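Encoded as structure tokens, the structure appears first; notes follow it.
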Amino acid sequence: MKKYAMETTVGIFLVFGLLCVGYMTLKLGHVSLLGDDAYPLFARFTTVSGLRAGSPVSMLGIPVGKVGGLTMDQKDQKAVVEIRIKKGIKVYDDAIASIKTEGLIGDMFLSIDPGGGGKLLEPGGIIIDTQPAIDIAALVGKYAFGEVKKP
């Protein structure tokens, strides 16, 4: 009888340990099983160099979502960015999406100026006004080789 009690105790701890590992995997991987608490928006850029799926999205300096994915529109020759915005955050159709860098050589993130003068964007809406990232390396190269003219 003691043998089975010990095996049962070990089995319970093993199952509990596996549940803890599964929970931490979902939490650290930012995966949701019961539904998504974000809605999609889209933005078209001429270039998205440095931006990748999972990059943070901020509005007024506050994290409000992440980049869901990057695709290319072959017809218009534009990069299409899927933006996953937390529910409850309002973005208007006159919003401006811009790609920015954290520091001089940091990771890229997407910054949204929410607008406010137009209509509210529905899920799946498109942010029309966009600004691509500034290529710091190209600017430094131009300055170093004297291609930048002084005013």
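The values are calculated or read from the model by the stated rules, or taken from the named source; none is laboratory data. Remember, predicted model here, so these are calculated numbers, not experimental data. Positions of Cβ are generated from backbone atoms using ideal geometry, with glycine treated the same way; all protein chains shown enter the neighbour counts. Accessible surface areas use protein heavy atoms only, side chains included; no ligands, DNA or RNA. Shrake-Rupley method; radii C 1.70, N 1.55, O 1.52, S 1.80 Å.
Structure summary
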item: Of all accessible heavy-atom area on the chain, the percent that carbon and sulfur account for (1.4 Å); result: 65
item: Fluctuation leader among GLY103, GLY54, GLY88 - the chain, Gaussian network, Cα springs under 10 angstrom; result: GLY103
item: Cut-off under 5 Å, modelled amide H: who pairs with ILE126 long-range; result: PHE42
item: Option label - Cα extents along the principal axes in Å computed here, alternatives [x] 56, 29, 27; [y] 90, 44, 32; [z] 39, 34, 29; result: [y]
item: Value of [θ]222 nm, deg cm²/dmol, for the chain, DSSP H segments ≥ 4, -39500 (n - 2.57) each, nearest 500; result: -8000 deg cm²/dmol
item: Cβ-derived FRET efficiency at R0 22 Å, LYS90 paired with ASP129, nearest 0.05; result: 0.85
item: Solvent exposure of the stretch 47-134 as accessible area per residue, Å², 1.4 Å probe; result: 58
item: Sites SER58 and VAL15 - FRET efficiency at Förster radius 35 Å, r taken between beta-carbons, to 0.05; result: 0.30
item: Gain on full stretching of the segment that runs from TYR4 to GLN77 - 0.36 nm per residue minus C-alpha separation; result: 19.6 nm
item: Choice from LEU19, LEU60, LEU121 showing the highest fluctuation, given a GNM over the chain with Cα pairs closer than 10 Å; result: LEU19
item: Between helix 2-28 and the chain: long-axis angle, C-alpha atoms, 0 to 90°, nearest 10; result: 10
item: Cβ-based net charge around PRO132, under 11 Å, with every Lys or Arg adding one and every Asp or Glu removing one; result: +2
